1. Scan G41, G47 and give me the residue that is in a loop (DSSP other than H, G, I, E, B), away from the ligand (no atom under 14 Å from the Cβ) and over 24 Å from G272 (Cα atoms).
2. Mind telling me which of the residues A469, A515 ends up being part of a strand (DSSP E or B), among the aliphatic types (A, V, I, L, M) and at pLDDT 95 or above?
3. Need pairs with beta-carbon distance below 7 Å; first residue at pLDDT below 95 and within segment 389-410, second surrounded by fewer than 19 Cβ atoms within 10 Å (Cβ to Cβ); sequence gap 6+ or separate chains.
4. Restricting attention to segment 131-150, which residues are surrounded by fewer than 13 Cβ atoms within 10 Å (Cβ to Cβ) and touching a residue at least 24 places away in the same chain (Cβ under 8 Å)?
5. Take the residues of segment 370-411 that are away from the ligand (no atom under 16 Å from the Cβ) and outside any loop (DSSP other than H, G, I, E, B): which is nearest to D23 (Cα to Cα)?
6. What number of residues within segment 88-128 are closer than 20 Å to D203 by Cβ and without any contact (Cβ under 8 Å) to a residue 60 or more places away in the chain?
7. Do any residues in segment 65-79 that are on the phi > 0 side of the Ramachandran plot have Cβ atoms under 8 Å from those of residues that are of a type outside the set (D, E, K, R) and more than 10 Å from the ligand (Cβ to nearest atom), where the two are at least six apart or on different chains, and which pairs are they?
8. Among the residues of segment 151-171, what is the count of those that are at pLDDT 95 or above and either surrounded by 22 or more Cβ atoms within 10 Å (Cβ to Cβ) or at positive phi (or both)?
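The values are calculated or read from the model by the stated rules, or taken from the named source; none is laboratory data. All figures in this text were calculated on a predicted structure; none of them were measured in a lab. Glycine gets a Cβ as well: all are built from the backbone with ideal geometry, and neighbour counts include every protein chain shown.
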Amino acid sequence: MSAEPIEDRCRSEHVRRDAWWRDAVVYQVYLRSFADGNGDGVGDFAGLRARLPYLAELGVNAVWVTPHYVSGGADGGYDVIDYTAVDPDYGTVEDVRALVEDAHALGLRILLDIVPNHTSDQHEWFRRALADPDSPEAARYHFMPASEEPPNNWQSMFGGPAWSRTPDGRWYLHLFTPQQPDLNWDNPEVADDFDRTLRFWFDLGVDGFRVDVAYGLFKDPAYRDNPGIYSPTLFGHGPEQAMTTNQPRVHQIWRRWRAVCNEYFDEKMLVGEVSLADLEQVGLYARPGELHHAFQFRLLKSDWDAEAFAETITEALDAFSAVGAPAPWVLGNHDKARQATRYGSERRARAAALLMLALPGSAYLYAGEELGLPEATVPDAARRDPIFFRSGGKRAGRDGCRIPMPWTADAPAAGFSAAGSAEPWLPLPADWSGYAVDRQLDDPSSTLTMYQQAILLRDLYPALGSGQATVTREGGVVRVDLAAHHGDPEPITCWINMGTETVTVPVHRLLMASAPDLGGPVGGLLMLPPDTAVWTRV
Ligand code: NOJ
């Protein structure tokens with residue numbers, strides 16, 4: 001065998017076949033809230049299929065669908081009862097096959113969500129484990145003998161201890177709700193079973209998976225106390241969670257799953273949720289032979305602050321380029337308050353989106369951000385998120401970013417369901433009609449049109465979404481110089497003004513602006529007001 005240097009192997013693996021995922025724009029569909037096809041007030045596969053042309057027109061390359069499995073419903077589908085069956089609320093396995101076919105015909109790829117860290121407490125394994133402590137199924141979870149106090153100080157991410165008692169007095173581990181018992185990945189039967197699940201959906205034509213809690217799975221074998229307590233205000237898990245996150249053994253699983261992907265001719269991909277604070281550690285999950293994309297959430301967790309944005313982007317680019325992987329960017333998802341509310345205005349959310357869509361790597365959009373949706377106020381009686389209930393109402397939870405999509409301004413339920421359907425599962429705010437898709441389509445100043453145009457330009461200009469980026473900052477202004485490759489004759493610069501004063505930037509030609517009210521450049525100079533981003537040719 002030739003002694004190929006690691007860097008070369010790294011590059012060749014990441015660019016093998018078409019590597020479609022390297023600079024893809026991926027659109028996250030919160031299935032329950034996207035489109036209701038059967039009138040029960042809950043989004044489903046029929047609804048999603050009918051809306052695929054909308055996504056093709058938006059210009060995205062792939063769609064990630066949040067969990068669709070039969071589930072206990074304790075955590076928005078992230079408590080799976082059966083990994084190869086579809087929750088009847090959403091449809092059937094045949095609906096998934098049809099979705100994939102329709103999507104492929106439109107040039108879209110479909111990613112499903114897989115949940116390997118824990119199952120539902122109603123999964124047949126856990127039911128058998130409860131019934132018989134000596135069963136093989138019990139060895140697939142973390143049980144500890146009866147004792148007065150919980151076995152250690154591990155905390156649930158949603159509040160309270162991570163241990164609950166079984167009816168016979170044992171303790172079992174759940175890093176999320178008690179209805180989500182953690183699997184014991186040191187038991188090889190667990191990994192074998194997930195290989196079967198991956199192949200089941202890949203054989204059906206699915207193009208990949210978003211992997212839930214990809215930084216988790218393994219736990220300290222001696223169950224030692226964690227050095228500290230996790231706070232959701234942190235950028236991600238750090239050394240304080242050393243016993244329950246980022247155990248080095250987890251990388252073996254991602255190599256194993258990558259090998260399963262590589263069994264297929266059409267390229268399958270994996271994007272892992274790697275909520276670790278240390279970006280170098282996140283990068284390791286995207287090494288050659290592991291996950292294709294490793295989500296880092298530092299940008300998502302950064303406030304509207306030029307220094308935080310510039311530093312995070314530079315560090316993330318460094319961390320991923322060190323392993324030859326593209327950086328996946330994300331500003332919003334189903335776990336985080338909507339950008340328009342978090343940053344303080346829709347104008348700022350639009351500027352941030354333009355910055356993200358320029359950066360080299362892939363961009364993940366969360367359904368509704370292209371409409372500029374704000375975080376919705378949800379009446380307590382309508383709330384569903386276990387975070388709200390487990391924190392005794394201290395944490396609002398994530399329902400406000402999971403509201404059904406407004407499609408048609410003047411239709412009942414804003415067109416999420418057909419007229420005469422059941423009420424939507426979460427209430428749509430009464431004043432959302434202005435955000436509806438039908439109001440924004442063909443309106444040149446709408447947020448939807450801005451996203452469409454930005455994605456189109458990203459396809460047209462090689463300097464956008466791939467290549468080299470150099471990030472600099474002066475006060476509240478971040479400048480990103482983008483080039484398809486060294487010496488690119490057509491480099492592009494993205495400027496974002498996150499400060500409070502209008503600044504003047506040198507511009508030869510204005511390609512795109514996040515705000516409609518910008519005058520063209522005069523004499524090679526452009527006035528860039530606060531809360532605005534532009535793409536320019538120098
Ligand atoms: C991360 C998911 O994004 C979140 O919605 C879920 O509650 C946890 N993982 C647990 O599965």
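1. Numbers: G47 fails: in a loop (DSSP other than H, G, I, E, B).
Just one listed residue meets the conditions, G41.
2. Numbers: A515 fails: part of a strand (DSSP E or B).
Going through A469, A515 in turn, the sole match is A469.
3. Between residues of segment 389-410 that are at pLDDT below 95 and residues that are surrounded by fewer than 19 Cβ atoms within 10 Å (Cβ to Cβ), the close pairs are R390/G159; R390/G160; S391/G159; G397/R383.
4. If the condition is that a residue be surrounded by fewer than 13 Cβ atoms within 10 Å (Cβ to Cβ) and touching a residue at least 24 places away in the same chain (Cβ under 8 Å), then P136, P145, A146, S147 are the ones that fit.
5. E370
6. Step one: filter segment 88-128 for residues closer than 20 Å to D203 by Cβ, giving 90-105, 108-116.
Then keep just the ones that are without any contact (Cβ under 8 Å) to a residue 60 or more places away in the chain; that gives 90-92, 94-95, 98-99, 102-103, 105, 108.
Within segment 88-128, residues that are closer than 20 Å to D203 by Cβ and without any contact (Cβ under 8 Å) to a residue 60 or more places away in the chain number 11.
7. G77/L31; G77/H68; G77/Y69; G77/S71
8. Total meeting the criteria: 4.
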